[in-house]
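Here's the structure we're looking at; comments come further down.
The values are calculated or read from the model by the stated rules, or taken from the named source; none is laboratory data. Just so you know, these numbers come straight off a predicted model, no measurement behind them. For neighbour counting, all protein chains shown are included, and Cβ atoms are generated from backbone atoms with ideal geometry for every residue, glycine included.
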Amino acid sequence: MDDNTAFRRIAAAFLTTSYPDDIVLVGSAGSGEEALGLAERLQPEAVVADLVMPGLSGLELIARRREQRADIVLVALTFYDDQPHREAALAAGADVFVGKANLATELVPALLRAARSRRGQPAPSR
């Protein structure tokens with residue numbers, strides 16, 4: 001979920017072409033309200049949410065989805081990569097916090113680690 005259409009398009013292309021065996025994109029939303037509806041209908045294993053959004057914020061979306069599904073992986077993805085935003089995201093129920101500047105290197109490994117952890121699987125040995 002991100003209100004920037006170009007960023008959503010770029011992130012989706014990166015995820016689906018760079019990690020075709022690990023990532024299946026089932027939806028994309030431009031607002032918190034749209035993301036909440038899609039998540040309720042599609043029941044994805046993970047939701048990646050921009051924290052700062054007009055209307056329903058990523059923080060609110062994360063908190064609501066955590067209340068609805070304890071087993072979902074929730075990722076806070078934001079331009080505001082600082083301690084206050086990190087603490088707020090984790091307090092709301094995010095499993096992972098990733099700054100947008102680190103999307104290419106941190107998002108997928110963090111998503112996969114969080115998914116394994118939620119499933120009770122050990123991290124791979126590398």
If a residue has to be free of Cβ contacts under 8 Å to residues at least 60 places away in the same chain, surrounded by 17 or more Cβ atoms within 10 Å (Cβ to Cβ) and not small (Gly, Ala, Ser) to count, how many in region 88-104 make the cut? 4
Return the residues of region 16-27 that are free of Cβ contacts under 8 Å to residues at least 24 places away in the same chain and among the polar types (S, T, N, Q); say none if nothing qualifies. THR16, THR17
From the residues in region 56-87 that are assigned to a loop (DSSP other than H, G, I, E, B) and among the hydrophobic types (A, V, I, L, M, F, W, C), which one is surrounded by the most Cβ atoms within 10 Å (Cβ to Cβ)? ILE72
Hits in region 76-96 (condition: closer than 17 Å to GLU45 by Cα, at pLDDT below 95 and touching an Asp or Glu at 6+ places or on another chain (Cβ under 9 Å)): LEU77, VAL96
Single match in ALA35, ALA13 (criterion: more than 14 Å from the chain's Cα centre (by Cα) and either free of Cβ contacts under 8 Å to residues at least 12 places away in the same chain or farther than 23 Å from GLY120 by Cα (or both)): ALA13
